[in-house]
Amino acid sequence: MSGGANTPVGELPGLPRVGEHGALSIGKPLAFSPESRKKVDAILRRYPTKQAALLPVLWVAQEEWGWISREAVDHVAQVLSLSSAFVWGVVTFYTMYNRAPVGKHLVQFCTSISCHLAGAEGVYAECRKRLGNLKPGETSADGKFTVIEVECLAQCDRAPAVMINDDDYAVITNENLDELLGSFK
Amino acid sequence: MNSPRWYPEPKPNPTWPKGFEPVLTKRLGTKDSRSIETYLADGGYSSWKKILAGIAGGDWTPAKVTDMVKASGLRGRGGAGFPCGLKWTFVPPPEKRGTKPVYLLCNADESEPGTFKDRLLMEQDPHQLLEGMMLASFALSVAHAYIYIRGEMVHGAEILNAAIAEAYAKGFLGQNIQGSGLTLDITVHRGAGAYICGEETALIESLEGKRGHPRIKPPFPAVSGVWNCPTVVNNVETLCCVKHILDRGPEWFKTIGRNEKNTGPKLYCISGHVEKPGVYETAMGIPFLELLALAGGVKGGRKLKAVIPGGASAAILTAKEVENLPMDFDGVAAAKSMLGSAAIMVMDETADIPEAVTNISKFFAHESCGQCTPCREGTPWLNKMLKRLVSGQGKRQDLDLLLQISNQMGNGMTICVFSDAAIAPVISGVTKFRAEFEAYLSQSASPSFALPASDELTPRIAERTAEGMHS
């Protein structure tokens, strides 16, 4: 299973406490910034129901706060007139909503079949080793990188494929790994 | 070594077979292929303009478009190969559906391992897709269409949004388009990482803002889909084909392809152990070996061992089985596998089949939506057993148990076909490459282990399973 940002982390030391619904709490209420609120209003105009805007609005929340905390869930639920429990249920279904804080750069290694045939698991392991023997899903000590394993990124012709934040990288090997990681400040 | 590359860059023109005139990929890799200006300069939106101008005089009716698509023999490119025009006719006529709007959803949740064709079409030539959607929307009387794009394709969504903005600015979308009386909006909806949302009813649930749980059918989406309204879900490549059918007519479309049931151009995604992996456009039904030759042959001139012809959900075929295989829906189905999304993964003699099957089972264990027990419990179970086997801890009964569990997961035990997809590589791998699995078992350090001659390992179950799977 891909771990990382979606591994249940409530028990890990040093992380915020777990709130109701199993979501991590940051302890203070959140509300969208005026810019985010504007985006949300534009999204709502594209759908016949408020609920349908849930996935895009969660994206807005993740863009603003970096991850989906319990308070983010509560706020999104309030904006869309849904229950927090329902929103949390949706958040936990999709792998791309981070349920815990992640490093500055989220490094996602594809290890599905085509990348597997190109030796992706080895590069994934090597990457974690070079960043300080990280466990799958762990963040480097300097907070710069979180490294996780994901399923097919639809770049099978250029395996092994890696996605860092929103960008795609192709043909990543042990040889060019340092160059790739070094290009991130 | 290749240096890292940021992905959405203009790609070089793909290779086409001799004598084949590219259709869907023609503009790919050309300068500014994403902009509406180059699209218009290349004759784009001609069919849409034709229709907008012809509505008033009665030259164009929705039924006429549907009939053209039906006559073309176009089959859905998303995986099932269902006739596209026929699917459209399942939408109830206005007198039956009352005031309910009809929705068109473009399935751009390309997540099947090995598939990367829709990404290319959307990132390199977004207007081709938009025009296809406009034409389909006219045929189905749709006023609001959605593109459900997978969450990982952040740039793809940006490119589509930019293209949609261009189309609004040019008056190809919006209210009362160019005075025709038609209204059409297109919205890009980003998923958030769930393979199952490529299943059409899961996609609908996800669009409604829920967990992506497939629905029980019937009712089929054409009758009751998103927001309980008639809904048609079509793949990106299918909708791109619609544009060309309207441009050049169904008769032209039918001249491409192996026979009248497998028509049109097709994008094949070739990856794995080949010299030049990539997307190749050819006529539907090209023989496998010709396709392999296009991709430069097997890597390093090695011997071909196995081929997955249609994404991770398809049964694995041996080198012998693919030798003369026509790569279309019926051709691959006759070999008891499926063309699916035409994601062809080539494995050479160095490939380790048990490892590959284990990898695929990991994918399915991770992606099961968890709704039906056989799938939710079965997929991780298969994965655990396979992992144990390849890590040298296999137990004597494991191969039979794998087949037995698989048999209990498939054949309509679940709401959607995910479970059938999950067992196809396991059953085909274990039955066709049994010796490789047994080689692992013969090395097993499991204390209970002592392997009898392979024939004695209850071959009956294996046979029964292989038959039951495809009956």
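What about B:Gly156, is it under 23 Å from B:Gly98 (Cα atoms), within 14 Å of chain A (Cβ to nearest Cβ) and in contact with a Pro (Cβ under 9 Å, 6 or more places away or on another chain)?
Values: under 23 Å from B:Gly98 (Cα atoms): no; within 14 Å of chain A (Cβ to nearest Cβ): yes; in contact with a Pro (Cβ under 9 Å, 6 or more places away or on another chain): yes.
The answer is no for B:Gly156.
Looking at B:Asn161, B:Asn107, which is the one that is of a type outside the set (A, V, I, L, M), away from chain A (no Cβ under 12 Å) and closer than 30 Å to A:Thr92 by Cβ?
Values: B:Asn161 fails: away from chain A (no Cβ under 12 Å).
Residue meeting the stated conditions: B:Asn107.
For B:Ile360, are the conditions met, namely being within 21 Å of B:Pro113 (Cβ to Cβ), of a type in the set (Val, Ile, Thr), touching a strand residue (DSSP E or B) at 6+ places or on another chain (Cβ under 9 Å) and touching a residue at least 12 places away in the same chain (Cβ under 8 Å)? Show your work before the answer.
Working: within 21 Å of B:Pro113 (Cβ to Cβ): yes; of a type in the set (Val, Ile, Thr): yes; touching a strand residue (DSSP E or B) at 6+ places or on another chain (Cβ under 9 Å): yes; touching a residue at least 12 places away in the same chain (Cβ under 8 Å): yes.
So B:Ile360 passes the test.
If you take the residues of segment B:280-306 that are buried (at least 22 other Cβ atoms within 10 Å of the Cβ) and more than 18 Å from B:Lys18 (Cβ to Cβ), which of them is farthest from the other protein chains (Cβ to nearest Cβ)? Looking at residues that are buried (at least 22 other Cβ atoms within 10 Å of the Cβ) and more than 18 Å from B:Lys18 (Cβ to Cβ), I get B:Leu304. Evaluated against (1) assigned to a helix (DSSP H, G or I); (2) under 26 Å from B:Ala108 (Cα atoms), B:Ala53 falls short on exactly one condition, (2). The residue of segment B:155-168 that is surrounded by the most Cβ atoms within 10 Å (Cβ to Cβ), among those that are out of contact with any strand residue (DSSP E or B) (no Cβ under 7 Å at 6 or more places or on another chain) and free of Cβ contacts under 8 Å to residues at least 24 places away in the same chain, is B:Glu158. Here is the figure for segment B:359-374: residues that are more than 10 Å from chain A (Cβ to nearest Cβ) and more than 22 Å from B:Ile216 (Cα to Cα) total 1. Would a scan of segment B:59-71 turn up a residue that is in a loop (DSSP other than H, G, I, E, B), within 14 Å of chain A (Cβ to nearest Cβ) and either modelled with pLDDT under 95 or more than 18 Å from B:Ser141 (Cβ to Cβ) (or both)? Scanning segment B:59-71, I find no residue that is in a loop (DSSP other than H, G, I, E, B), within 14 Å of chain A (Cβ to nearest Cβ) and either modelled with pLDDT under 95 or more than 18 Å from B:Ser141 (Cβ to Cβ) (or both), so the answer is no. Look at (1) more than 14 Å from chain B (Cβ to nearest Cβ); (2) assigned to a helix (DSSP H, G or I); (3) surrounded by 14 or more Cβ atoms within 10 Å (Cβ to Cβ) and you find that A:Asp41 fails only one, number (3). Looking only at segment B:367-378, decide whether some residue is of a type in the set (Val, Ile, Thr) and either in a loop (DSSP other than H, G, I, E, B) or touching a Leu at 6+ places or on another chain (Cβ under 9 Å) (or both). Looking for residues that are of a type in the set (Val, Ile, Thr) and either in a loop (DSSP other than H, G, I, E, B) or touching a Leu at 6+ places or on another chain (Cβ under 9 Å) (or both), one finds none in segment B:367-378, hence no.
The values are calculated or read from the model by the stated rules, or taken from the named source; none is laboratory data. Source: prediction; values computed, not measured. Ideal geometry is used to build each Cβ from the backbone, glycine not excepted, and the neighbour counts take in all protein chains shown.
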